[in-house]
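The values are calculated or read from the model by the stated rules, or taken from the named source; none is laboratory data. As the structure is a prediction and not an experimental result, all values here were calculated from the model. Please note: Cβ atoms are built from the backbone with ideal geometry, for glycine as well, and neighbour counts cover all protein chains shown.
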Amino acid sequence: MNNPTDEELVRATRAGDGAAFDALYRRYSGKLFSYLLRLTGDRAAAEDLLQDVFLAVLRDRGFDLRDAGFGAWLFTVARRQALNAARGDLRRDRRDRAVTPADLAPAPTPEAAVAQRELVLSGLAALPEAHRDALVLKEVAGLTYREIARVQDVPEGTAKSRLHHAIRSLRALLRPEEETAP
């Protein structure tokens with residue numbers, strides 16, 4: 001197969017073709033790992049969950065090939081696995097990452113870049129779970145609004161709204177002067 005579709009690779013994987021499974025893994029593992037790392041904040045946990053997700057690909061025959069949404073299904077599995085494994089940890093993590101006014105002071109040093117990164121991570125942690133998830137699915141995983149809606153099991157308009165609110169909240173945190181201007 002020259003440049004096979006996801007569905008062709010899934011069919012071949014179900015038929016026992018290890019090369020097809022490897023192709024699916026190469027196609028999605030990087031994005032899925034980034035997504036899981038953002039959800040868990042723990043590299044080892046993200047690696048374990050990534051393996052669990054791909055085991056689900058081998059075991060689960062529930063994905064309907066006629067839906068043509070394998071990527072969205074895969075991120076749905078990843079999201080469920082991560083939330084089941086770390087729901088309590090995510091809440092504790094969000095409480096522990098408080099933003100202070102000192103974090104907002106700009107400085108042209110490498111330390112400032114690290115502080116800015118921490119501020120963004122704090123801002124992400126402070127977002128409601130559904131908003132944070134929508135933003136990570138869009139920016140890290142590169143999913144469309146329709147795919148985000150499928151992963152979150154909400155209407156597409158809700159996915160758009162969540163993403164809009166997440167971006168607006170982060171923007172207010174990172175550039176408060178823009179949010180207060182008329």
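Do we find that residue 150 is out of contact with any Gly (no Cβ under 9 Å at 6 or more places or on another chain), modelled with pLDDT of 80 or more, of a type in the set (Lys, Arg) and within 23 Å of residue 33 (Cα to Cα) in this structure?
So residue 150 fails the test.
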Residue 77 vs. criteria assigned by TED's automatic domain parsing to the domain that holds residue 21 and either among the hydroxyl-bearing types (Ser, Thr, Tyr) or modelled with pLDDT of 80 or more (or both): yes
Pull up region 1-28, narrow it to residues that are crowded, with 16+ Cβ neighbours inside 10 Å and among the small types (Gly, Ala, Ser), then point me to the one that is nearest to residue 142 (Cα to Cα). 23
Quick check on region 5-13. Is at least one of its residues of a type in the set (D, E, K, R), closer than 22 Å to residue 133 by Cα and at pLDDT 85 or above? no
Scanning for something of a type in the set (Gly, Ala, Ser), within 16 Å of residue 141 (Cβ to Cβ), part of a helix (DSSP H, G or I) and modelled with pLDDT under 85, does region 46-55 turn up at least one residue? no
Does residue 133 count as closer than 25 Å to residue 46 by Cβ and at pLDDT 80 or above? yes
Here is a list: 124, 104. Which entry is modelled with pLDDT of 75 or more and surrounded by 11 or more Cβ atoms within 10 Å (Cβ to Cβ)? 124
If I filter region 29-44 for residues that are of a type in the set (A, V, I, L, M, F, W, C), at pLDDT below 85 and exposed (fewer than 15 other Cβ atoms within 10 Å of the Cβ), do I get at least one hit? no
